[in-house]
Amino acid sequence: DGGITQSPKYLFRKEGQNVTLSCEQNLNHDAMYWYRQDPGQGLRLIYYSQIVNDFQKGDIAEGYSVSREKKESFPLTVTSAQKNPTAFYLCASRPSSEGLYNEQFFGPGTRLTVL
Amino acid sequence: RKEVEQDPGPFNVPEGATVAFNCTYSNSASQSFFWYRQDCRKEPKLLMSVYSSGNEDGRFTAQLNRASQYISLLIRDSKLSDSATYLCVVNMNMTTDSWGKLQFGAGTQVVVTP
């Protein structure tokens, strides 16, 4: 079945540790995105990639890093520089960053908790 | 001011009733609009796109008012399974760089009661 997978579903991290969240899609989509969601707030864009080997900072990129070495993979690293990393992280993909009504598909998310 | 604003609710709706709510957006150049549904602790899923002429999908009707910069969602004959948070999403398509960069509202919670 085609879709987006994220792992792990739940992640616990000690302060000062870097962690990497996995996102894989087999939809052959060009564009991929990382968002974080906090209670009472809308999704906020961390990073996005319109094509392989290229990515741009979103609205809240500080303390995060990404890579896009393969079309199907867009891992997110939460570094120790991120001051408040506890959140629900959502990965998404879209057939192309162009196209006004191209649907954005989401993975099931990863809940990160910093202990 | 937030770029996309929604009434957080909750809207408590008796089963079978109609509920409607709006979302306002700040950027008049916004090009495309969507409603997503998000169940508790799950990922958002597309409910419907909102076209300039307004559109309907079964019990759901979406409207766009560009002059007043808001979109609306109306749910008729509410079902218990309609209980969810509804996210308003706006594509602020200003430049090539912002293609596909969506702005999300914080969501409106709907609770359908028996």
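No lab work stands behind these numbers, since they all come straight from the coordinates. This structure is a prediction, so every number in the text was calculated from the model and none was measured. Please note: Cβ atoms are built from the backbone with ideal geometry, for glycine as well, and neighbour counts cover all protein chains shown.
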For peptide A:14-24, the mean count of other chain Cβ atoms within 10 Å per residue Cβ is 0
Phi-derived 3J(HN,Hα) across segment B:48-63 with the Karplus relation (6.51, -1.76, 1.60, θ = phi - 60°), rounded Hz, x for Gly and Pro, is 6, 7, 10, 9, 4, 8, x, 8, 10, 9, x, 7, 9, 10, 10, 10
For peptide B:42-49, the mean count of other chain Cβ atoms within 10 Å per residue Cβ is 5
Between A:Gly58 and residues 5 or more places away or on another chain, the pairs with built amide H atoms under 5 Å apart involve A:Tyr47, A:Tyr48
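Please compute the contact order of chain B in relative form: average sequence separation of alpha-carbon pairs under 8 Å and at least six residues apart, divided by the residue count, as a percent.
37 percent
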Within 10 Å of the Cβ of an average residue in A:35-45, the count of other chain Cβ atoms is 5
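Take the cross-link list A:Lys57/A:Lys83; A:Lys83/B:Lys2; A:Lys57/B:Lys79; A:Lys71/B:Lys45 and give me the ones stretching past 29 Å between alpha-carbons.
A:Lys57/B:Lys79
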Binned at 5 Å starting from 0, the alpha-carbon pair-distance distribution of the protein assembly as shown in whole percents comes out as 1, 7, 14, 18, 19, 16, 12, 8, 4, 1, 0
Inter-part gap, Cα centre of segment B:6-57 to Cα centre of segment A:1-29, in whole angstrom, is 27 Å
